[in-house]
Amino acid sequence: MEHEILIVDDEPDIRMLIDGILRDEGYETRVAANADQALEAFRTRRPSLIILDIWLQGSRLDGVALLKMIKSEEPTQPVVMISGHGSIETAVVTLQHGAYDFIEKPFNAERLVVVTRRALEAARLERENAELRLRTGSDTALFGSGAAISAVRAQIERVAPTNSRVLISGPAGSGKEVAARMIHERSKRASAPFIALNCATLAPSRFEDELFGVEGQSDGSARRTGVLERAHKGTLLLDEVSDMPLETQGKIVRALQDQAFERIGGAARVKVDVRVLASTNRDLSAEIAAGRFREDLYYRLAVVPIRIPSLRERREDIPGLAQHFLKQYAENSGLPPRELSVDAMAALQAYEWPGNVRELRNLVEHLLIMMPGSGNDLIRADMLPSTVSQGAPSMARMDSDADVMALPLREARDLFETQYLHVQLMRFGGNISRTASFVGMERSALHRKLKQLGVSHDDRNHPTNQG
């Protein structure tokens, strides 16, 4: 997205000169001749960068006082100071109060462009570092090679470069925020902020303050910037949007329509350029029918709907996800990497995963920390929590299923083959061709063997023993 730069100088010729140079470089610009105009422009819409004259003759505030006020309201706002009467002492003072750099007049156009680029790049890196700190331990991509998740990634690739609003639905823990971040990172807004507002954790009384911000009052209380304003030029995710109070829903409809709003306690309209994404784990059609969600808001948010499948709908991705999380957590924690045995993997694929991908990641972290043995020892099915392992076919449980040593050879062999093929089918997501290839049988021969043993398979979920 184009950067917008606010130029503040009391000399019309200087404003015009800087404006021309920056517009030639492809930047959007606004201008102000004094402190009051600058504050009004700054509060109406946060610029990407402010170029601020120190002296501002005839103005209520000089540039240093204005810099202090701007930084008190928005500490991360990048500001470059300019002056024709500069000194080392003045430059040091402005840098101490948060200015990015100081340029003396008359300035070289190339110097202005270089400092502008560096200031914008420094601001971008600061935002990215803050994002990385927030994201530590979380994923930034939807992993898996199955058809369901591959279709979701294809939808994201198509919609990301557009400016369309997207409603991301799916159960808790399935990766809705990860999908939203992927949309942002593949969009034209990738260098601008990504802000997530979790509607499920906010008290109803705080919603509008967080969304729209609060205007500073005459009693000295400071202005607070809302998420709509902080996400200017970037992306705002309304996470679990169905938890937003009805009254606030009506106000966000208008804000989406106008791309403008008023801070709480303020009268000035704040204009923003924000792409809004939303997520929900509820059926919004049912919420609308129950009178808990506004239909007009639904249609504004659901321009492009994307559904994230639950983990049990894509069991074929579980082995890859588990190995990914094992490797990721081992690297982050300094622990030796571990591998899962085949029967442990089958147990993971059989489990229903009510907590979805988030639950799988937490389980893997627990296993890596708490399981006995060294990095060379496999994590076996009997090491898994009972809630996970109890529904899986496991070679480790064969002795509890029957007294094998008391059986004739044929029956013992059939029992072993039943358990073995059940595990392998589970391992390959019910795919007969891949299972046959792994066990070294012709596809038709495997079909006959499964029929003989009474083992059926379901490509959509996992095999079941009918014997």
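The values are calculated or read from the model by the stated rules, or taken from the named source; none is laboratory data. In this text, all values refer to a predicted model and were calculated from it rather than measured experimentally. Virtual Cβ from ideal backbone geometry, glycine too; neighbours counted across all protein chains shown. Quick note on the areas: whole protein, heavy atoms, side chains included, nothing else; ligands and nucleic acids left out. Shrake-Rupley method; radii C 1.70, N 1.55, O 1.52, S 1.80 Å.
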Plugging the Cβ-Cβ distance of LEU125 and MET441 into 1/(1 + (r/R0)^6) at R0 = 51 Å yields, to the nearest 0.05, a FRET efficiency of 0.35
So how strong a dipole does the chain carry about its Cα centre when Lys and Arg Cβ are +1 and Asp and Glu Cβ are -1, to the nearest 20 debye?
1100
Most packed first (mean Cβ within 10 Å per residue), the peptides 274-283, 61-70, 434-443, 381-390 order as 274-283, 61-70, 381-390, 434-443
LEU61/THR201 FRET efficiency (R0 51 Å; Cβ-Cβ; nearest 0.05)
0.85
Cα centroid separation, segment 157-232 to segment 14-80 (Å):
26
By average Cβ neighbour count within 10 Å, what is the ranking of 195-207, 161-173 from highest down?
161-173, 195-207
From the C-alpha coordinates alone, can you work out the Kirkwood hydrodynamic radius of the chain, in Å?
26.3
Which far-off residues, 5 or more places away or on another chain, put their amide H under 5 Å from the one on VAL276, with H placed in the peptide plane?
LEU236
Got the relative contact order for the chain handy, in percent, Cα pairs under 8 Å and 6 or more residues apart?
11
Return the long-range amide H neighbours of VAL455 (sequence gap of 5 or more, or a different chain), with a cut-off of under 5 Å between placed amide H atoms.
GLN466
Can you pull the one-decimal nm distance between simple spin-label points at ALA109 and ASP283, each 7 Å off the Cα toward Cβ?
6.4
Segment 221-307: mean projected area of Cα convex hull, nm²
6.2
Just the number, please: carbon plus sulfur as a percent of the accessible area of the chain, 1.4 Å probe, no ligands or DNA/RNA counted.
51
Expressed in nm to one decimal, what extension gain is obtained for the pair VAL93 and ILE264 from 0.36 nm per residue of sequence separation less their Cα-Cα distance?
58.2 nm
Probe of 1.4 angstrom, ligands and nucleic acids ignored: what's the accessible area per residue over the chain, in square angstrom?
48
Helix-only CD estimate at 222 nm, as mean residue ellipticity for the chain, using -39500 (n - 2.57) per DSSP H run (n ≥ 4)
-14000 deg cm²/dmol
Hey, can you rank 324-337, 296-309 by average C-beta count inside 10 Å, highest first?
296-309, 324-337
Student exercise, segment 1-124 dipole from Lys, Arg, Asp, Glu Cβ charges, in Debye to nearest 20:
340
Apply 1/(1 + (r/R0)^6) to the Cβ-Cβ distance of LEU335 and ALA290, taking R0 = 60 Å, and write down the FRET efficiency to the nearest 0.05.
0.80
More than 23 angstrom separation, counting every C-alpha pair in segment 234-378; what % is that?
56
Specify the inter-centroid distance of segment 284-302 and segment 338-373, based on alpha-carbon positions, in whole Å.
37
